[in-house]
Amino acid sequence: MARRREKRSSATESSERRHNRRDESKPRDGEPDSDRKLITIFVVFFFVIPAVSMAVYKVKFADRVIIETEPSIRQKGIIKTDIHFQEILTEHSKASENSSARHYDCPVLAYITPWNSKGYDMAKIYNSKFTHLSPVWYDLKSQGNGLVLEGRHNADKGWIQELRSRGNAMILPRVVLEAVPEELLKKKKLRAKAISLIVTECKEMEYDGIVLESWSRWAGYGVLHDPDMRKMALQFVKQLGDALHEQHMQFMYVIGPPRSDTLQMYDFGPEDLQFLKDSVDGFSLMTYDFSNAQNPGPNAPLKWIDLTLKLLLGSSNNVDSTLARKVLLGINFYGNDFAISGGDGGTIIGRDYLALLQKHKPALHWDKESGEHIIMYRDDKNIKHAVFYPTLMSILLRLENARLWGIGISIWEIGQGLDYFFDLL
């Protein structure tokens with residue numbers, strides 16, 4: 001009996017302890033419910049919610065967090081005149097993970113060539129940096145008494161579809177007008193046929209328009225020396241642009257730079273710009289290829305670029321801003337390897353340039369006059385070479401110059417450059 005009483009006593013004490021703990025959980029005298037609620041709200045608001053929000057932000061915007069902490073191309077300190085070849089070899093492939101941010105507000109046209117497949121990949125990766133993409137696909141040729149538009153076999157619908165899923169850049173394939181100009185320009189029915197072929201192709205392939213190249217070829221044929229033929233040439237370009245605009249498509253026209261300090265009959269000048277400005281959405285100005293094998297030197301000297309722009313637009317301080325935006329300054333992503341004393345040489349692209357740096361480890365010299373870097377080396381036959389290939393510094397100078405004029409840019413061509421070039425766009 002004693003043991004039972006002891007057990008009951010122990011059970012009673014346990015019950016009393018539980019009861020007392022419940023009593024302790026009740027508010028004491030002088031400690032109202034509202035104070036304890038305020039403390040709870042304070043903890044939730046200032047500690048729990050921020051912690052949860054930060055976790056959600058990191059999950060949802062992980063890429064943006066990385067991008068914001070990633071050093072920009074300008075912060076790396078590699079855009080400079082005294083660049084070392086090893087810096088190029090180390091950094092050229094380290095493009096920013098943010099491939100969509102644009103740093104240039106005016107139109108940016110980028111060419112892509114079928115013979116350089118890297119350009120197709122660059123167009124997909126950096127789609128948002130471009131306003132217009134122009135794959136080099138078509139030729140309009142004479143065929144008997146008529147015309148034929150060749151090049152649909154080059155068109156890649158899958159690539160176009162992927163581009164449109166990644167960004168808003170318009171697709172304007174380039175068409176080179178190779179038809180005999182004397183026949184095309186003099187015959188009304190042939191001109192109408194040419195326009196019909198181009199517009200129909202755009203509609204069937206669902207392009208956003210075209211880029212037409214014809215002026216340099218007409219100059220080569222000599223037709224632009226004839227005032228009447230020159231007028232017919234301009235009228236044809238205008239009619240094509242108007243026909244594309246009627247279909248809500250865009251039209252860009254390729255123009256070459258003047259060949260001298262003063263405009264010649266065959267040069268495309270400011271009056272031509274005014275005549276076509278309402279029919280053409282952009283003028284792709286080929287401000288490159290200043291030098292050649294017979295006259296080695298820089299690809300596009302800054303003074304020459306400014307002279308070209310002044311001849312077309314007048315002074316940069318008093319330019320028609322609406323018209324200026326339609327002029328697209330040509331920027332080359334390729335270079336030239338000139339053999340100084342005979343031997344081989346020619347155009348080089350990014351991978352060729354990197355191979356030269358790797359093999360010869362040359363010093364890069366800055367040519368202040370032209371705003372370009374140059375390297376010198378001797379090949380296996382002991383022939384001296386001079387190489388002009390774009391660098392971050394030379395490209396940036398041209399972008400800043402274009403920005404000063406308020407004009408767009410056109411790049412020939414994006415498969416030929418180094419990856420980190422795109423961080424400047």
Looking at (1) open to solvent by less than 60 Å² (accessible area, probe 1.4 Å); (2) in a loop (DSSP other than H, G, I, E, B), which is the only condition Asp289 fails? (1)
Single residue of Tyr111, Tyr138 found to be of a type in the set (Phe, Trp, Tyr), part of a strand (DSSP E or B) and within 21 Å of Tyr334 (Cβ to Cβ): Tyr111
Check Asn317 against each of (1) open to solvent by 30 Å² or more (accessible area, probe 1.4 Å); (2) part of a loop (DSSP other than H, G, I, E, B) and name the one condition it does not meet. (2)
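Could you check the range 138-178 and list, in sequence order, the residues that are under 19 Å from the mean Cα position of the chain (by Cα) and loosely packed, with under 12 Cβ neighbours inside 10 Å?
Hits for the range 138-178 are Gln161, Ser165, Asn168.
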Residue check: is Phe268 over 26 Å from the mean Cα position of the chain (by Cα), aromatic (Phe, Trp, Tyr) and closer than 18 Å to Val327 by Cα? no
What pairs can you find where one residue is in the range 262-285 and basic (Lys, Arg), the other is open to solvent by less than 60 Å² (accessible area, probe 1.4 Å), and their Cβ atoms are less than 6 Å apart, with a gap of 6+ or different chains? Lys277/Leu323
Can you find a residue that is modelled with pLDDT of 95 or more and on the phi > 0 side of the Ramachandran plot anywhere in the range 254-273? no
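When you look at Val387, is it over 25 Å from His103 (Cβ atoms), under 26 Å from the mean Cα position of the chain (by Cα), in contact (Cβ under 8 Å) with a residue 24 or more places away in the chain and buried (at least 17 other Cβ atoms within 10 Å of the Cβ), yes or no?
yes
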Are any of the residues in the range 149-160 farther than 28 Å from Asn401 by Cβ, part of a strand (DSSP E or B) and in contact (Cβ under 8 Å) with a residue 24 or more places away in the chain? yes
Given the conditions (1) open to solvent by less than 60 Å² (accessible area, probe 1.4 Å); (2) within 30 Å of Tyr377 (Cα to Cα); (3) touching a helix residue (DSSP H, G or I) at 6+ places or on another chain (Cβ under 9 Å), report the number of the one that Ala339 does not fulfil. (3)
Which residues, counting only those in the range 309-356, are in contact with a strand residue (DSSP E or B) (Cβ under 7 Å, 6 or more places away or on another chain), polar (S, T, N, Q) and either within 30 Å of Ser279 (Cβ to Cβ) or modelled with pLDDT of 90 or more (or both)? Asn332, Asn336, Thr347
Give the residues of the range 225-240 that are touching a residue at least 12 places away in the same chain (Cβ under 8 Å) and either among the basic types (Lys, Arg) or on the phi > 0 side of the Ramachandran plot (or both), sorted by residue number. Arg230, Lys238
Given the criterion of a type in the set (D, E, K, R), open to solvent by 20 Å² or more (accessible area, probe 1.4 Å) and in a loop (DSSP other than H, G, I, E, B), identify the matching residue among Asp267, Asp278, Asp228. Asp278
Name every residue in the range 161-196 that is among the aliphatic types (A, V, I, L, M), over 23 Å from Leu109 (Cβ atoms) and assigned to a helix (DSSP H, G or I), in order of residue number. Leu184, Leu185, Leu190, Ala192
Quick one: in the range 57-102, which of the residues that are under 25 Å from Lys368 (Cα atoms) and open to solvent by 80 Å² or more (accessible area, probe 1.4 Å) is modelled with the lowest pLDDT? Arg74
Could you count how many residues in the range 249-261 are part of a loop (DSSP other than H, G, I, E, B) and touching a helix residue (DSSP H, G or I) at 6+ places or on another chain (Cβ under 8 Å)? 5
Taking first residues from the range 360-379 that are surrounded by 20 or more Cβ atoms within 10 Å (Cβ to Cβ) and among the aromatic types (Phe, Trp, Tyr) and second residues anywhere that are in a loop (DSSP other than H, G, I, E, B) and modelled with pLDDT of 95 or more, the pairs with Cβ under 9 Å that are 6 or more apart or on different chains are none
Flagged pairs (Cβ under 9 angstrom, 6 or more apart or on separate chains; first in the range 94-108, farther than 29 Å from Ser321 by Cβ and among the polar types (S, T, N, Q); second open to solvent by 60 Å² or more (accessible area, probe 1.4 Å) and part of a loop (DSSP other than H, G, I, E, B)) are Ser96/Pro71
In the list Asn382, Asn401, which residue meets the criterion of being modelled with pLDDT of 95 or more and open to solvent by 10 Å² or more (accessible area, probe 1.4 Å)? Asn401
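The values are calculated or read from the model by the stated rules, or taken from the named source; none is laboratory data. Just so it is clear, the model here is predicted, and its values are computed rather than measured. No Cβ is skipped: glycine too gets one built from the backbone with ideal geometry, and neighbour counts run over all protein chains shown. For accessibility, only protein heavy atoms count, side chains too; no ligands or nucleic acids. Shrake-Rupley method; radii C 1.70, N 1.55, O 1.52, S 1.80 Å.
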